[in-house]
Structure formats: structure tokens, C-alpha cells
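Okay, so here's the structure we're looking at.
The values are calculated or read from the model by the stated rules, or taken from the named source; none is laboratory data. This is a predicted model, so every value here is computed, not measured. Please note: Cβ atoms are built from the backbone with ideal geometry, for glycine as well, and neighbour counts cover all protein chains shown. Just the protein is used for accessible areas: all its heavy atoms, side chains included, with ligands, DNA and RNA removed. Shrake-Rupley method; radii C 1.70, N 1.55, O 1.52, S 1.80 Å.
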Amino acid sequence: MDHSMLPMEAEPPQGHAVEMPLGKHGMLGAAEGSEESLISMIHTTGPLWFTKLKLFSECEQVKLTKDSRGKYTPHYERRDIVHCKFSGVGSEYSGGHYAIVWEDNPYFEDITVIPATSQRKTEHANVFPVGKLRGLPQGCTTLLVSDLTRISRKRITSHHGKLHPAWESRICQAIAVTFEKERTLEEIVREQCGAALPENLPLFAGLRFRPSRFIGYCPDRDELAYRLWNETKEERLTMLSPKKPFSIKRKKTLMKNMFYGCEEQRAEALELYERYYGDGARREEQPPRGTPLSIDG
């Protein structure tokens, strides 16, 4: 469940009309004291959109302050952890959620934030866990860089410390992949290396989300050459070609199951990798003990 999620009541069954309180003149909010009537209506009606309207109304009534130089206060810094009231449309974020401040120009009302959630998510280049954050509810926090957005300061309700600076590099990489359309090392291995897979899987697991530029792949040496998107230094990754016929389509499915499948799919993918790429494949190439080698000529 998301941190501090505001309660959302169920929508009415299909085919049931929602009763709308009317003013003296038969129009919503047209009566005297219409603002009070609207707030009362929002508190007592059930549909989800009224709850979102309530959030919007609460945020809109917040009074912002500026200092003598015309800067909004308080000023937030990159990696500050804040609690916000979102009132998104459709599948957009809605309700109370924590977020990470990414950019704050004190002369503008809007700031850029990265929403966070306590829900368990499959890790991707732009969705990844950052562990337990001090001051937040118990459990692992996941950053949704994929949902990076700009919000009004009026939506911020409280400040809760700071994200460790070590995560800033990972966030920058996620932004490069999501908004600058850079390819990850995982995509390059999947699309540019034929049926070959990395020799060192644990190493590759830690590198696979890095935004990278393809330089070349040498099948004779089983070596991939690449560089990070923002560097000129060439990096190399040792690859393994399958020891037995293995199609590129099967290789892509193996990678998907290995990194994104359920526990059973991952176990099966690792077993398949061992059989075609690892020691298991090499052992199958060796003749059984006691079997004489055939010598031509």
C-alpha cells in the first residue's frame, strides 16, 4: 500500500445516478455560501472524482509565501523527501504520496518531483528500490522516475529529510533512458549481440540499466564494446556464444524470464543458461568417461 494513501471510496455501481445537491436556483453551488456547500458536498459524497475534487480544493486554498527577493519559501533542494497531495486524472497519481524533489527554481511556483511508493515493483531502468528511508513508513521505498512530473508547491504538505546522494547517479541514468531515449546496456545485449549472452551474469545484472552507446560486437572474441551515454571511455563486456544451436528469439525470451519473470521462470532461465552457455554445455561436449576418442585417419 502506498505511503499515507488517502482513503478513496468506491464509485457507485453502473446504472445508478449520483444525487447532486442543488442551490436555490437549481444550479450546483449557486446558493449563498456556495463554497461551504461545495465543501460539505465533497465530504459527504462517495464517488472517486469528488475525493479528487476535495484534494484539488484543499491544495488550491494553500497560501504561498515569498521572501524579500521574490523567492518562494520554503526553498527545496534536490533529493529532499516531501509529502504531496496528488489529484491526478485516470491512472495518474492521486492521493497522498511521498516524492523526491529533483528541481526547484525558487522563482517559480512549480517544482519537479519523482513520486515514490511502498508497493513492491519489478525493477526497471526507471523504476527501482532505494531501501528503507528514515522518517518514512516501514518497508522498502521505490522511486518511479517514469512518473517524474511538475507540481505546484501548494501540493506539498511536509518535509521528511533527504535521499542519499549515492542515488543521484541512478536517477540521472533513469532520466536519460526515459526522457532522452537512450538505450540500456540490456537492450544492446538483447538486440546487437546475436545469440550471445554475458559471461558474468551477476556483473551484468548490476550494469544492465546503464544508458549506453553501442560500439561493436566481435563474435570471434565474444566481446561487446560500448560506452556510457555521457562518457567517451570504451567499456568491454565478455560474452558467451551458445555451445549448441540456440535461436536469437529463444535468447530474448531467456533474458526476459531471467530478469523479469517470476521465481519459477527465473530458475528455469538460469538452468537453460547453464545448459547452453555455462559449464553444463561444456560438460555435455566432453565424451563420457571410459569412452575412447575417435581419431580420424
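Values as computed for the structure displayed
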{"read-out": "Residue that is nearest to Asp220 (Cα to Cα) [pool: residues in region 184-199 that are open to solvent by 40 Å² or more (accessible area, probe 1.4 Å) and among the charged types (D, E, K, R)]", "value": "Glu199"}
{"read-out": "Cβ pairs under 6 Å, 6+ apart, first in region 104-132 and in contact (Cβ under 8 Å) with a residue 60 or more places away in the chain and under 19 Å from Pro211 (Cβ atoms), second hydrophobic (A, V, I, L, M, F, W, C) and assigned to a loop (DSSP other than H, G, I, E, B)", "value": "Ala125/Phe209"}
{"read-out": "Residue list for region 204-219, restricted to those being outside any strand (DSSP E or B) and without any contact (Cβ under 8 Å) to a residue 24 or more places away in the chain", "value": "Gly206"}
{"read-out": "Total residues in region 263-273, condition open to solvent by 70 Å² or more (accessible area, probe 1.4 Å) and free of Cβ contacts under 8 Å to residues at least 12 places away in the same chain", "value": "6"}
{"read-out": "Any chance Ile151 is touching a Cys at 6+ places or on another chain (Cβ under 7 Å) and closer than 22 Å to Ile81 by Cα", "value": "yes"}
{"read-out": "Subset of region 106-128 (residues that are in contact with a Phe, Trp or Tyr (Cβ under 7 Å, 6 or more places away or on another chain) and either open to solvent by 30 Å² or more (accessible area, probe 1.4 Å) or farther than 23 Å from Arg183 by Cβ (or both))", "value": "Pro106, Glu109, Ile111, Thr112, Val113, Pro115, Ala116, Thr122"}
{"read-out": "Selected residue (only one of Ala166, Ala176 is at pLDDT 95 or above, out of contact with any strand residue (DSSP E or B) (no Cβ under 7 Å at 6 or more places or on another chain) and either open to solvent by 30 Å² or more (accessible area, probe 1.4 Å) or over 14 Å from Ala116 (Cβ atoms) (or both))", "value": "Ala166"}
{"read-out": "Residue check, Tyr217 within 30 Å of the chain's Cα centre (by Cα), open to solvent by less than 70 Å² (accessible area, probe 1.4 Å) and more than 30 Å from Lys121 (Cα to Cα)", "value": "yes"}
{"read-out": "Count - residues of region 220-235 that are open to solvent by less than 50 Å² (accessible area, probe 1.4 Å) and farther than 16 Å from Cys172 by Cβ", "value": "6"}
{"read-out": "Residues of region 160-189 classified as at negative phi, in a loop (DSSP other than H, G, I, E, B) and either among the charged types (D, E, K, R) or in contact with a helix residue (DSSP H, G or I) (Cβ under 6 Å, 6 or more places away or on another chain) (or both), total", "value": "2"}
{"read-out": "Scope region 200-214; condition open to solvent by less than 70 Å² (accessible area, probe 1.4 Å), out of contact with any Phe, Trp or Tyr (no Cβ under 9 Å at 6 or more places or on another chain) and among the aliphatic types (A, V, I, L, M); matching residues", "value": "Leu207"}
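Yes/no matrix, rows are residues, columns are (1) surrounded by 21 or more Cβ atoms within 10 Å (Cβ to Cβ); (2) out of contact with any Ser or Thr (no Cβ under 7 Å at 6 or more places or on another chain):
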position	(1), (2)
Asp104	no, yes
Val130	no, no
Leu143	yes, yes
Glu182	no, yes
